[in-house]
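The values are calculated or read from the model by the stated rules, or taken from the named source; none is laboratory data. What you are looking at is a predicted structure, and each value in this text was computed from that prediction instead of being measured. Cβ: placed from backbone, ideal geometry, glycine included. Neighbour counts: every protein chain shown. Note: areas computed on protein heavy atoms with side chains; ligands, DNA, RNA excluded. Shrake-Rupley method; radii C 1.70, N 1.55, O 1.52, S 1.80 Å.
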Amino acid sequence: MDAILLSIRYLFVDADDMRNEGKSPGDDKKEIEESDGEVIDWKRQAEMLNRLLVKEKQEHEEKVMVLENKKEETSRIHEEEIGCLKTKMKEVTDKHKHVFDQLEEKVECPVCLEIPRSGPVHICPNGHIVCKQCKTGSCPTCRVCMGDGKSLLALTVIDNIEHNCKFVDCEEIFAVDKLEGHEKICKRRTVTCPHNNCSEKIALSKLLDHLNKETCSSNLIPTVIASFSKLGRVGFRVGNNSRNDLNWVVRIEMEVHEWGSTMQDSEISFRFCGKPCSIDEDKKKLKYNGLAVHNIGMEKILRKGDDKFSVSVRIA
């Protein structure tokens with residue numbers, strides 16, 4: 001059995017040797033040539049792919065350049081259009097302003113040189129207008145009889161133009177229906193000095209300057225009480241000739257007490273709690289509309305404070 005297997009093994013070995021022995025040198029050369037051919041084919045395909053990629057890249061760059069040029073052109077066109085619109089808008093605005101300036105000039109009263117804020121606006125037979133405050137029997141422009149004519153056109157113009165605030169230092173303008181509301185709270189409105197012996201009328205924005213320069217605030221520099229401040233203290237000195245027949249009027253929530261003491265420690269004090277009065281109100285009407293202390297009570301406080309007294313202020 002072993003002899004048979006050994007014979008078979010030798011048989012296979014001899015067959016392999018026979019195959020290798022039957023292979024000529026030309027066959028190896030052929031295999032090498034075939035391998036070289038495959039390498040050349042792969043190189044050719046790689047070059048074709050590379051050329052294709054380069055071409056696609058160039059086409060992509062050209063497309064990007066075209067899009068960028070279109071974008072720049074579009075931006076330029078838009079800028080030109082915006083510039084044209086701005087120019088047209090300015091022309092329309094200037095024309096609008098010119099028309100309204102002419103209308104304002106036509107409705108301006110030739111007497112007081114003010115533009116009426118309400119009707120009626122009187123008109124003479126020749127078309128000249130005059131405000132209701134300045135109307136007389138004859139036209140101030142052509143001297144003909146005024147009559148009872150009224151201009152509806154002038155009234156329409158007045159209702160549709162903007163009006164200047166009536167206070168000199170204010171430069172704001174408003175529609176006629178909002179003008180009155182602004183002038184009630186205008187920071188430059190004209191007010192009367194709050195001192196009893198001063199009747200000067202000044203702009204509210206200049207009131208502190210007036211009080212600092214004049215004698216309307218005793219010997220203390222007036223200051224504005226900030227809205228966040230809850231407590232304040234103010235000192236006053238009274239001259240010897242100011243005591244008799246004098247009512248002491250203070251128009252904020254406060255307590256008058258002895259000099260150098262607190263509200264709690266003062267033996268004599270007078271207190272008032274209420275809303276502060278507006279500086280726009282008539283001083284004569286305000287005389288008893290706050291804390292009014294008779295001169296007898298003030299005499300007692302001044303006697304203890306060497307002609308001085310204190311006012312403690314509380315803002316709720």
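Among the residues of the stretch 260-316 satisfying the criterion of being more than 30 Å from Lys187 (Cα to Cα) and of a type in the set (Phe, Trp, Tyr), which is surrounded by the most Cβ atoms within 10 Å (Cβ to Cβ)?
It comes out as Phe309.
Condition check ((1) aromatic (Phe, Trp, Tyr); (2) in contact with a Gly (Cβ under 6 Å, 6 or more places away or on another chain); (3) modelled with pLDDT of 85 or more) across all residues:
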| position | (1), (2), (3) |
| --- | --- |
| Asp177 | no, no, yes |
| His182 | no, no, yes |
| Ser218 | no, no, no |
| Arg233 | no, no, no |
| Phe236 | yes, no, no |
| Asn241 | no, no, no |
| Trp248 | yes, no, no |
| Pro276 | no, no, no |
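Matching residues to (1) in contact (Cβ under 8 Å) with a residue 24 or more places away in the chain; (2) open to solvent by less than 80 Å² (accessible area, probe 1.4 Å); (3) β-branched (Val, Ile, Thr):
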site: His60; (1), (2), (3): no, no, no
site: Glu72; (1), (2), (3): no, no, no
site: Ser75; (1), (2), (3): no, yes, no
site: Leu103; (1), (2), (3): yes, yes, no
site: Val121; (1), (2), (3): yes, yes, yes
site: Gly149; (1), (2), (3): yes, yes, no
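Criterion first (crowded, with 17+ Cβ neighbours inside 10 Å and not hydrophobic (A, V, I, L, M, F, W, C)) does His210 satisfy it?
Working: crowded, with 17+ Cβ neighbours inside 10 Å: yes; not hydrophobic (A, V, I, L, M, F, W, C): yes.
So His210 passes the test.
May I ask you to say which residue of Lys187, Lys132 is within 30 Å of Leu207 (Cα to Cα), among the charged types (D, E, K, R) and either touching a Cys at 6+ places or on another chain (Cβ under 7 Å) or in contact (Cβ under 8 Å) with a residue 12 or more places away in the chain (or both)? I'd like the intermediate steps shown before the answer.
On the way: Lys132 fails: within 30 Å of Leu207 (Cα to Cα).
Just one listed residue meets the conditions, Lys187.
Select from the stretch 257-299 the residues that are touching a strand residue (DSSP E or B) at 6+ places or on another chain (Cβ under 9 Å) and not in a loop (DSSP other than H, G, I, E, B) and list them in ascending order.
His257, Glu258, Ser269, Phe270, Arg271, Phe272, Leu291, Ala292, Val293, Asn295, Gly297, Met298
Is it true that some residue in the stretch 124-139 is under 18 Å from Phe100 (Cβ atoms) and open to solvent by 40 Å² or more (accessible area, probe 1.4 Å)? Even if it seems obvious, please write down each step before you answer.
Restricting attention to the stretch 124-139, the residues satisfying the condition of being under 18 Å from Phe100 (Cβ atoms) are 129.
Filter again for open to solvent by 40 Å² or more (accessible area, probe 1.4 Å), leaving none.
No, the conditions are met nowhere in the stretch 124-139.
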